[in-house]
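Have a look at the structure below before the remarks.
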Amino acid sequence: MSKYPLCFTGMEQADEATLKMLFVDANASLGEPFELTSEDRAQILVVDLGSIYGHMTWLRAHSAGKTVVGLSNRADSEADFTLLRPVSESSLRDILAAVAAAQTGAANEPIDGIADGDAAAAAARDDADEPPAFAEPMAATTDAAETAETAETAETADAADPETETDGSTAVAAQTPEAAEQPAPEPEPPREKYLVDYLRAGALPGPMRLQLPDAPPLVVDPRTGHYFGPPQLKPLMPYCRIVIAPEQWAPASAEDAARAGSPQSWTRLIWLCGLVSGAGRLVDAGDGERQYRLLKWPQIEREFPRHFRIATAMMKGPATLPEIAQASSATVEEVADFVNASLATGFAAIELPPPVEPEIPAKGGLLGRLKGLRGG
């Protein structure tokens, strides 16, 4: 059968490397229904919802109708599936099984390489209106198995020594001594939110207004997909750089929107958030070997005249940041900011270099190679 294209993106490089290592065995145990590919070609994206770039990636994937697996500390994420930290091979395998089942439309059927019981435990709802929630991390399953093993050992000991008697409460206490000593995990503190977090679907109930002392008023209307503000983007940069608390938003009227300015494209505001998110560095934390290319020509803002040269260089083909900077006579920092903005809005894509195929040694040793050269 055809394989499902999948990509790990929108996360720290160390996390991406770890997940790819776990993916090899997890995918193999399922019969290898997935294949790794680039972000723009993938239909399934695994992103870190705890990072700004991860949320930008989620916005792009959501608008493109792609399936998102959110790497998170909380089970109630906005992604289609949630991969809880810390990630193990078994927890990644369960999520991949659920994603594969949802992709085939056979969530109740076992997948190759998974027993019926495992498939039932691994399956998760892919409900468009309600994000899937996974009850407990894999550590809970391990504790349950250890408890059952302890109980079985206790029963065996009682059967061997009929004079030993234990009541129910003593047996329970003996089964789980470690669980009684472990304190309940503290809930994760709420993650600080930036403007880009409020631009995702469903984050705001309706037209809302923001006002900072050093910036013009900003009104956003998620119902129409527009924001209202000055025609220039640079005056709105302060909104993209700071943490914004929910109470800072106020409901906006039509008069508020008219006073803020003319309606502007929602994409421009996401683009601006991406532009300032890295402060001259790549948000995706990619290494120097990564190449970037433009998928289509973006809207070039007059406030950033060097972006025209950067976009022209990127349209010629995949290139690294230093190569783009040299071709456009821009600084690497300017190129990184432009790439962040273009990735956030889906105008650019990451191109990974093809893997180097290992050289296969010739068979038969030196004599065999000499015979091959003579045609005999």
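Structure summary
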quantity	calculated
Counted residues, region 1-20 - those being charged (D, E, K, R) and open to solvent by less than 80 Å² (accessible area, probe 1.4 Å)	3
Pairs, first among the hydroxyl-bearing types (Ser, Thr, Tyr) in region 69-96, second part of a strand (DSSP E or B) and open to solvent by 10 Å² or more (accessible area, probe 1.4 Å), C-beta under 7 Å, six or more apart	Ser72/Leu84; Thr82/Ser72; Ser91/Leu84
Among the candidates Ala201, Ala257, Ala252, residue that is of a type in the set (Gly, Ala, Ser) and modelled with pLDDT under 90	Ala201
Residue selected from region 206-242 under the condition among the hydrophobic types (A, V, I, L, M, F, W, C) and over 14 Å from Leu269 (Cα atoms), by the criterion most open to solvent (accessible area, probe 1.4 Å)	Ile242
Scope region 61-74; condition open to solvent by 30 Å² or more (accessible area, probe 1.4 Å) and either touching a His at 6+ places or on another chain (Cβ under 8 Å) or on the phi < 0 side of the Ramachandran plot (or both); matching residues	His62, Ser63, Ala64, Lys66, Asn73, Arg74
Checklist (1) modelled with pLDDT of 85 or more; (2) touching a Pro at 6+ places or on another chain (Cβ under 7 Å) applied to Leu295, failing item	(2)
Extreme residue, nearest to Ile242 (Cα to Cα), among residues of region 256-302 that are of a type in the set (Phe, Trp, Tyr) and crowded, with 16+ Cβ neighbours inside 10 Å	Trp271
Residues of region 244-278 that turn out to be under 21 Å from the mean Cα position of the chain (by Cα) and part of a loop (DSSP other than H, G, I, E, B), as a count	1
Residues located in region 1-42, provided they are in a loop (DSSP other than H, G, I, E, B), within 17 Å of the chain's Cα centre (by Cα) and without any contact (Cβ under 8 Å) to a residue 60 or more places away in the chain	Thr37, Arg41, Ala42
Enumeration of residues in region 279-288 that are in contact (Cβ under 8 Å) with a residue 60 or more places away in the chain and either over 25 Å from the mean Cα position of the chain (by Cα) or more than 21 Å from Met315 (Cβ to Cβ) (or both)	Val283, Ala285, Asp287
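Rundown of residues vs (1) closer than 19 Å to Pro205 by Cβ; (2) touching a Pro at 6+ places or on another chain (Cβ under 8 Å); (3) of a type in the set (D, E, K, R), yes/no style:
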| site | (1), (2), (3) |
| --- | --- |
| Leu233 | no, no, no |
| Cys240 | no, no, no |
| Ala245 | yes, no, no |
| Ser262 | no, yes, no |
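The values are calculated or read from the model by the stated rules, or taken from the named source; none is laboratory data. The structure presented is a predicted model; accordingly, all values stated were derived computationally and were not measured. Cβ coordinates were reconstructed from backbone atoms using ideal geometry, including for glycine residues, and neighbour counts include every protein chain displayed. Note: accessible area is taken over every heavy atom of the protein model, side chains too, but ligands, DNA and RNA are not part of it. Shrake-Rupley method; radii C 1.70, N 1.55, O 1.52, S 1.80 Å.
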